[in-house]
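One structure is given below, encoded as structure tokens.
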Amino acid sequence: FREAFRSRRCLIPADGFYEWQSRGKGAPKQPFHIHRPDGEPFTFAGLWERWEKGGEPVETFTIVTTDAPESLKPIHHRAPVILLGDHMEHWLATSQEATDGLAELLTALPDGELIADPVTTLVNNVRNDSPDCLEPANEDEPQPAPKSAQGDLFG
């Protein structure tokens with residue numbers, strides 16, 4: 001992605017994303033809907049690529065990730081890079097002086113900028129594409145215990 005980082009950066013609009021927390025062997029993972037507390041949209045930092053397959057152009061993109069903020073680490077150790085305000089313009093800038101500072105943008109939002117709500121396991125199946133996927137987790141479902149800082153020595 002080195003060349004894409006230099007010249008093919010993009011923004012991907014979103015108002016939330018999902019991460020799954022492991023609940024142990026054999027248990028379905030617990031999905032979390034991660035979003036801003038105010039519900040406002042945001043943008044992911046992305047890179048795009050164009051290549052050919054069978055003589056036809058194919059355009060793809062990827063979301064840039066970084067270490068998760070402390071508040072999300074019990075769910076997943078990585079998180080997408082989210083750009084707000086002037087950082088969006090900086091990410092898309094093409095001048096050499098603008099691109100020199102891009103690495104500084106590749107950090108997680110501070111704790112408190114995102115919240116994670118456990119949601120129904122309906123979202124675990126890609127065929128379920130409806131607002132029902134945002135419903136709170138069923139209270140009868142066992143909720144995942146937060147992972148300890150030490151980690152699971154035997155799991």
Selection from segment 28-79 of residues surrounded by fewer than 18 Cβ atoms within 10 Å (Cβ to Cβ), among the β-branched types (Val, Ile, Thr) and in contact (Cβ under 8 Å) with a residue 24 or more places away in the chain yields Thr62, Ile63, Thr66
When segment 36-48 is checked residue by residue, the ones that are within 16 Å of the chain's Cα centre (by Cα) and under 30 Å from Thr99 (Cβ atoms) are Arg36, Glu40, Pro41, Phe42, Thr43, Phe44, Ala45, Gly46, Leu47
Of (1) in a loop (DSSP other than H, G, I, E, B); (2) under 25 Å from Leu134 (Cβ atoms), Pro13 fails just (1)
By my count, strands (runs of 3 or more DSSP E) wholly in segment 42-104 with at least 2 residues that are small (Gly, Ala, Ser) and at pLDDT 95 or above are 42-53
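The values are calculated or read from the model by the stated rules, or taken from the named source; none is laboratory data. Quick caveat: nothing in here was measured; it's all calculated off a predicted structure. As a convention, Cβ positions derive from the backbone with ideal geometry for all residues, glycine included, and neighbour counts pool all protein chains shown.
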